[in-house]
Every structure is written in structure tokens, then in C-alpha cells.
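Input: a single structure, listed below in C-alpha cells.
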Amino acid sequence: MRDARYDILFEPLAIGPVTAPNRFYQVPHCNGMGRKFPNAMIGMRETKAEGGWGIVATEQCDFHITSDIEPYTETNMWDSGDELYLGRMVEVVHRHGSLASIELAHSGQDAGNLYSREIPIGPAHRPVSAMHHPIQARAMDLSDIADYRRWHRRAALRARDTGFDMVVVYAGHNNTVPGQFFYKRHNDRSDAYGGVLENRLRLLRELIEDTKEAVGDTMAVVVRMAVDELMGPDGLEWQNEGRDAIAILAELPDLWDVTIGNWANDSQTSRFAAEGYQEDYVAFVKQVTSKPVAIVGRYTSPDAMVSAIRRGVTDLIGAARPSIADPFLPRKVEEGRIDDIRECIGCNICAAWNNLSAPSRCTQNPTFGEEWRRGWHPETIARAAKTSRILIVGAGPAGLEAARTAGLAGHHVTLAEASEELGGRVSREARLPGLAEWMRVRDYRVGQISRMANVETFRESRLDVGHILESGVDHVALATGASWRADGVGLSLREAPPVTGGTPLLSPDDIMDGRRPPDGPVIVFDDDGYTMASVIAEQMVTEGRETCFVTPAPLVAPWTEHTLEQEVIEERLDRLGVTILVRHTLVAVDGGEAAFHDSLARRERRITCSGVISVTARLPNDALWHALNGNADLEKAGICSVTRIGDCYGPGLIAAAVYQGHRYVRDLEAPVDPDGLPFRRERHVIEAT
């Protein structure tokens, strides 16, 4: 039974002509599935509804061919063909008693129209902002605006006829036409749609009124709108036009879904923003409207949710990333299983895969995106038809997830960890600056397996071949992780540069183990491109060291563009006083200096330092595997299989390690043909000639 203090989260809420069954709102969020992988999208949304989210929304749904954001894989409502998969989504969401919402979107000057080949449109003649396309949007004239309103109204009617309960008029995140008309820096018009605030809001007002007139007696009309861009006077600020805009339109929609812009600000990682971080910018909204309000802020704690509602900040708890990490979060609160919540760690791996135009994944939830494709449920693991004895060597993210999943399947599990601490790389990396919430990957799994009588955990148990052969188990999973290279070899360098003169070349593992270069300035050489080098540079600065960040890439931490962090990482290093050199490749470390090749100037550059920390690549800790693979004594010992999982199999992201740990157990029950396809494919109908 749920704790009474959470009752308010389960109170129904009237939203125009419909009623949400509770206060949990899965806001529109991209997922890399959409129209290209519709069955996967449908399965993912159904899981949210089954998990208790009272409102389940689509991602942005582009409603006209002039808003073609190829190669991104959102949904469309261009013609009647899209209603098939959207209708199916509505059906499965309704099956679990939730409301289905659709977000109508037109990306305007943010759309390249690479597939449709239409000329982009927007409030002004501007280059298209997405992906640096050499394409320009044309300024909409009054007839274009009339067309746009007609297209939007038609899409709302199609949404109603498809069965949706709510329709979102989307003006948020700096990437939609009504928002682009609203922002001064995008709108230089001098007609009735430009200039003063009321004029720049005119199109948004008309869209709300058109939509209310068309469907307002049958569907709730939601406005999703950013009220601050975190740009200071150079952009929208909530204290000024953000607040004034809400006040002007206050009573028009049935629900206000308020955010901050752009997407990188709205979905900040835990390294840079805490739970509920948007409250400072959006708390005013309920003071200027009588209509219900929804906000987001990566809420994972039900106590924080209750607090936000009771303090009058919001009526609905909006969530994207927390609903991905745990689709059953509402159900767990309702059933009094707070300790079972799989909390989002705010790493934005989900966003990264969408930005890569691929189906999203999640570090905490390895079943995300696999609900239809592999038939994986986030909470239900089928009991094993045959109970096995499984030895898992290594209690990092892969080993812990394998132990958890195997325990749920009913296997007898022995988890052996060489060190005193569980968690492997997660425990080590989470102690670096800003990564503390990553520890949730460890803590959730340790908490789960600690309650399983069929899972035994042994710390400080370093196993060798003899121990394993004597273990009496049926299956062995090697989750022994990987180690960072300390020789500079990685993406750019295929051979180790010479290191002479006593100046040390250290790895991230050395730093996490407490080893440091001698006193003096230090260089962090980043050929990895993700977060590790920047957090180590930050660590060096906090310890009082003069730090230089050097990378062969054209910018700092380029892969973090996908996780929406790149600019803020670069800004933080600059603010901390870190010297930044891009397009520089390590050549040698010699006698208190490091030599680099400047690829832009085509010259060598030497930098004085006491040591270099090389963040390049990792090697699997697979010696035990090589000792066991093909060992003639395995059969004699009764061991049926020895399998590498996680970083021991292939070093990668923590998300990949968790996935491998989970998949290991699923595949143990249903072995996959190594020459076959291990998942269901989306099929397209080929028209007859």
C-alpha cells in the first residue's frame, strides 16, 4: 500500500473536457523510433501506460512536409497513412487507463526538409539552424501564415479522429514556428506578427484559438512553451517577456506545460543540474493563470514531486528521462515500493542516441526500446524453465545487472568481486566531479540483489582458473571490466608516442587510484571525446593544479554534443581557468615537456608539464577468459558455458555494460542462433508495380 503522504500524486485532475487519472505526466519526448520504428515506439509507450503514467504523449509530430527533420526519426501526421501507427499507440495507451496526448510540431527554420525538398519557412529570412545545412528558410507572408493555421487545424482534427485525448500546441525549445515568432532574436518583422510582444504572440494565440474551436469540446488543448532561454538579456527571460507572455495567454489553453529553452537547457545532465532545477524559472506560472500547470525537472523522488505540488509550483509532474529510466515509477509509488524505483542518473544517453538518429537506449533501463523488438519487459523476467547455478565474476555494472536479472529468473547466483567495494567502474567514476548520481546504477542493483535469497555476493574474492573449475556451477559470466590505456594509443594515435626523461604518462585509472604527477602543471590529453577527460581536468583544477586540456578534435569533448553537454563542458573548463588547445595530437613526452602536432598550423608545439594524463582508449581485462576459453577441464567440471559480458567483452559506455549483463540472462534462457537475427525487425510494405 502506498504511503498516505503520496496520495496527492494520485488525485485525478480535470484538464478541459478530459480528466487525468493521476498527476504523472509522461511529457512528449523524442526516442529515435517514431515513424521509422513504429512498433518499437508503440511498445515503449504502452509500457509507460502500464507503469501508471496518467498521461502518455507522443514525441513531436510533424504535421506538414515543410517541417521535415530527416534524418531524425520523430512521428509525422502528413497524411492518413500516419494514422495507422498513431492510432495503435492510442489504443495501447487507453488499454491501461491512461490519456493519450499528441504534440503537433512544425520546426520552421530548424527543419532542413532533406526528404521533402520543400523550402523551409519561418518568421524571417534566416539560414536553417539545424545541422549547419547550407539551406535558408524563407519568411512567411500572410498567405503562408493562413496556410500554416489551416495545416495545424487539420492536424488537430486528425488527432481527434485518431482517438487522442489531448493535443499540444508546441512553442517550446526554440525549434517551432510559433516559438520562433515569439522570440525577438528570430523575428524581425514589421507587420502584425512582429515588433511588440502581443504581435509576436499573435500566431500562437491564433493556433490556440483555432485548436480550441476545432476540438476543444472533445480534447484538452495544451500549450507547451519555454519561458526562459538561460541567455540573459540576449534571449527570453522569465522575469520579463516570459512572464508577460503567459499572462497574456493565461486562460486560453486547458493546460500549461512550461519549460526552459533550448533542449540542452531543458534536459541538462546531472553533472550540471540537480533535481527540480527548473523551478526557479517556472514557479511563477501558477500565479498568473487559473489553469493547471505541468513542469519538468528530472524528478525521481516522490517526496520532491509532492513538495512541488504542495508549494503551488505545479499540478502535474512532467517527466521524460525519469519515465525512461523507470516506466513503472508511478506504479511503484502507488504500491509502496519506493526502494524499487530505478532512478534516472541524468547521463543523457537517451538523448544521444536520438541525436544519432537511432533508437534510444538508457543506462539504467536496459529494456528501453526492446519492449517490442525483443519482448523485454522492464519489471517482468520469466522464471527459468531450468534453474542453473551461475557464477558471475566481477560486480561492475554488467555483473550487477546480470546478477539482478538472473536472480529474478530464479537461478542460483554467486557474485564474486575482487575488491572490497561493489560497482566496478561506476563506483570509481561516480567520485569524479559532477558524476555522483551515476552511483545510482550501482545502488539500485545492489539494493535489489541484497533482498534475493538466491543471490550470494562475495567481496574481496579474486578468482583464478582453479577456483572457477572447482566452483560447481553450470555457467560462468566474466564481467571483469576493462582498463584505460596509459600509452596514448587511441583514435588518433595507432602507435604509442615515445616517453622519456622521467615525465609520467598516466591513465584515468591512475588518477582514480590516487596516483598523481609530480607538482607542477599537468596536461590532460583527450582522444576519447566523451566526459572522462573533462572531469579529470576539473579534478586537477580543484586540487590546485595548472591544467591544460589538449585534444586532436576540433572542439572539447565532441561526442557530448549528442548528450547536450558540449558547450557547457567547454564553458566550465574555461571558467575554471583550464587552457584549451584543439586540433593538437600528442607526439612525445620528454624531459618535462610534451610535444604536440598542431594540425591547423602544421607545426610542432611543446608545452612544459610535470605529467600527461592520457584519456584515449581502454583494453578488456580478459586474461581469465583466455585462460578458460577452450580449457579441456571445463566439461569435466560440469561447466556448460563461459561468457564474457560488459567491458570484458567490449569496452564501451556504462549503458552498454548494463545491457550486456541483462541480455546475458535473457539469452541463457532462449539461446540465439549466432547466424540468425536476435530481435524482431520493422518491416515496410513494398507497393506492387
Subset of the stretch 212-228, residues in contact (Cβ under 8 Å) with a residue 60 or more places away in the chain and surrounded by 24 or more Cβ atoms within 10 Å (Cβ to Cβ), comes to M219, A220, V221, V222, R224
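Picking from E429, E421, E460, E456, which residue would you name as being on the phi > 0 side of the Ramachandran plot and among the acidic types (D, E)? Let's see the steps before the verdict.
Details: E429 fails: on the phi > 0 side of the Ramachandran plot; E421 fails: on the phi > 0 side of the Ramachandran plot; E456 fails: on the phi > 0 side of the Ramachandran plot.
Testing whether each residue is on the phi > 0 side of the Ramachandran plot and among the acidic types (D, E) leaves just E460.
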Going residue by residue through the stretch 326-345, is there one that turns out to be outside any loop (DSSP other than H, G, I, E, B), of a type in the set (F, W, Y) and modelled with pLDDT of 95 or more? no
Working only within the stretch 188-207, note down all residues that are assigned to a helix (DSSP H, G or I) and either surrounded by fewer than 21 Cβ atoms within 10 Å (Cβ to Cβ) or in contact with a Phe, Trp or Tyr (Cβ under 8 Å, 6 or more places away or on another chain) (or both). L197, E198, N199, R200, R202, L203, L204, R205, E206
Of the residues in the stretch 540-555, those that are under 25 Å from D519 (Cα atoms) and either in contact with a strand residue (DSSP E or B) (Cβ under 9 Å, 6 or more places away or on another chain) or not in a helix (DSSP H, G or I) (or both) come to M540, V541, E543, G544, R545, E546, T547, C548, F549, V550, T551
Taking interchain pairs and intrachain pairs at least six residues apart, which have beta carbon atoms under 8 angstrom, with the first residue in the stretch 304-317 and touching a residue at least 60 places away in the same chain (Cβ under 8 Å) and the second surrounded by fewer than 16 Cβ atoms within 10 Å (Cβ to Cβ) and not in a loop (DSSP other than H, G, I, E, B)? V306/R5; V306/I8; I309/I8; R310/I8
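Where in the stretch 567-606 are there strands (runs of 3 or more DSSP E), lying wholly inside it, with at least 2 residues that are closer than 24 Å to A264 by Cβ and touching an Asp or Glu at 6+ places or on another chain (Cβ under 9 Å)?
Numbers: elements: 579-581, 584-590, 593-598.
Strands (runs of 3 or more DSSP E) meeting the threshold: none at all.
Here's a check for you: in the stretch 488-504, which residue that is touching a residue at least 40 places away in the same chain (Cβ under 8 Å) and under 32 Å from the mean Cα position of the chain (by Cα) is surrounded by the most Cβ atoms within 10 Å (Cβ to Cβ)? Quick ask: steps written out before the conclusion?
Of the residues in the stretch 488-504, the ones touching a residue at least 40 places away in the same chain (Cβ under 8 Å) are 488-493, 497-504.
Restricting the remaining residues to those that are under 32 Å from the mean Cα position of the chain (by Cα) gives 488-493.
On the way: G488: 26, V489: 17, G490: 21, L491: 12, S492: 16, L493: 20.
Result: G488.
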Residue check: is T363 among the hydroxyl-bearing types (S, T, Y), assigned by TED's automatic domain parsing to the domain that holds F284 and either in contact with a helix residue (DSSP H, G or I) (Cβ under 9 Å, 6 or more places away or on another chain) or more than 17 Å from P397 (Cα to Cα) (or both)? no
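Collect the residues in the stretch 662-689 that are surrounded by 10 or more Cβ atoms within 10 Å (Cβ to Cβ) and hydroxyl-bearing (S, T, Y), keeping them in residue-number order.
Pass one, the stretch 662-689, residues surrounded by 10 or more Cβ atoms within 10 Å (Cβ to Cβ): 662-670, 672, 678-680, 682.
Across the stretch 662-689, the qualifying residue is only Y664.
Tally time: how many residues in the stretch 210-236 are aliphatic (A, V, I, L, M) and either farther than 23 Å from N174 by Cα or in a helix (DSSP H, G or I) (or both)? Can you show your working first?
Applying the first criterion (aliphatic (A, V, I, L, M)) to the stretch 210-236 yields 214-215, 219-223, 225-227, 230-231, 236.
This time we only want the ones that are either farther than 23 Å from N174 by Cα or in a helix (DSSP H, G or I) (or both), so: 214-215, 219-220.
Qualifying residue count, the stretch 210-236: 4.
What residue, of G652, G630, is surrounded by 12 or more Cβ atoms within 10 Å (Cβ to Cβ) and part of a loop (DSSP other than H, G, I, E, B)? Spell out how you get there, then give the answer.
Numbers: G630 fails: surrounded by 12 or more Cβ atoms within 10 Å (Cβ to Cβ).
None of the other options fit; the residue is G652.
Residues in the stretch 495-515 that are of a type in the set (S, T, N, Q) and touching a helix residue (DSSP H, G or I) at 6+ places or on another chain (Cβ under 6 Å): how many?
Taking the stretch 495-515 first, the residues of a type in the set (S, T, N, Q) are 500, 503, 507.
Now restrict to residues that are touching a helix residue (DSSP H, G or I) at 6+ places or on another chain (Cβ under 6 Å): none.
Counting residues in the stretch 495-515 that are of a type in the set (S, T, N, Q) and touching a helix residue (DSSP H, G or I) at 6+ places or on another chain (Cβ under 6 Å) gives 0.
Could you check how many residues of the stretch 237-293 are in a helix (DSSP H, G or I) and among the β-branched types (V, I, T)?
Keep residues of the stretch 237-293 that are in a helix (DSSP H, G or I), which gives 238-248, 263-266, 279-282, 285-288.
Next cut, among the β-branched types (V, I, T) only: 246, 248, 282, 285, 288.
Qualifying residue count for the region: 5.
The values are calculated or read from the model by the stated rules, or taken from the named source; none is laboratory data. Everything quoted here is computed from the prediction, not taken from an experiment. Note: ideal-geometry Cβ built from the backbone for every residue, glycine included; neighbour counts use all protein chains shown.
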